[in-house]
Amino acid sequence: DSAFEKGIATMGALVILPDGEPPLVFDGSIPQQIINKWTSSGSKQVIAQAELLTVVAMRYNLRHMLHRRKVIVFIDNEAARFALIKSVSGRSSMQALASAFHRCDLSYECFHWIERVASQSNPADLPTRNGTDVLLKMTGGKYAGKITIDESLLSDVLETSEEAVYFNETSEQVEFFK
């Protein structure tokens, strides 16, 4: 999950494993250079990108653990959810992130299902609002550290132009323009 308030984007994640181990709780913040990139084209609200970046960063960071496993991802942002499900987005910043998520599957495939969760029912919201300790106590979880953004993912995000991308019904790119 992510929160974006007063120009600062925070991240949180809760990973529940089926083997009876304590849940893993993560928190963190999105580097300001990424926020600056997303807002450089005039966007004032970048919560969809922040939500999507959190999922992509977690997918990459846990790629070894998730390899060949069944995974359910709960996300409370429809634009981010559909970008993951369809692997396309009309915003180039979202497209780069969706592509990075699925590129991870090329080497570390997993069987993922992307599902909606209402924001008020999303426990991963707590770490985005300084509630990591509350979530740890609530779940009996283990703090697993800060959500990191891999250098290659950071590069993908920072090198993305803010052009609109349009796709036809067969998901072929048909037009780029500023």
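Things worth noting here:
- Computed about the Cα centre, the dipole magnitude for the chain is approximately 300 debye when only Lys and Arg (+1) and Asp and Glu (-1) carry charge, each at its Cβ.
- Beyond 29 Å in Cα-Cα separation lie the following of the pairs Lys6/Lys146; Lys44/Lys146; Lys6/Lys86: Lys6/Lys86.
- Direction-averaged projected area, Cα convex hull, the range 1-93: 6.6 nm², rounded to one decimal.
- Projecting the Cα atoms of Ala3, Ile85, Pro23 onto the charge dipole of the range 1-89, computed from C-beta unit charges around the Cα centre, puts Ile85 farthest toward the positive end.
- Solvent-accessible area of Lys142 with every protein chain in place, 1.4 Å probe, in Å² to the nearest 10: 120 Å²
- With protein chains left intact and a 1.4 Å probe, residues in the chain average 54 Å² of accessible area per residue.
- Its convex hull of Cα atoms gives the range 25-68 a direction-averaged projected area, equal to a quarter of the hull surface, of 3.8 nm².
- Of all accessible heavy-atom area on the chain, the percent that carbon and sulfur account for (1.4 Å): 54 percent
- Calculated on alpha-carbon atoms, Rg and Dmax of the range 60-132 in Å: 13.2, 35
- By the Kirkwood approach, averaging reciprocal distances over each pair of separate Cα atoms, the range 17-160 gets a hydrodynamic radius of 15.8 Å.
- Simple point charges give the picture: +1 on the Cβ of Lys and Arg, -1 on the Cβ of Asp and Glu, and for the range 1-99 a dipole about the Cα centre of about 440 debye.
The values are calculated or read from the model by the stated rules, or taken from the named source; none is laboratory data. The model shown is predicted, which means the values in this text are computed figures rather than measured ones. Every residue, glycine among them, receives a Cβ derived from its backbone with ideal geometry; neighbour counts consider all protein chains shown. Side chains included, ligands, DNA and RNA excluded: accessible areas come from the protein's heavy atoms. Shrake-Rupley method; radii C 1.70, N 1.55, O 1.52, S 1.80 Å.
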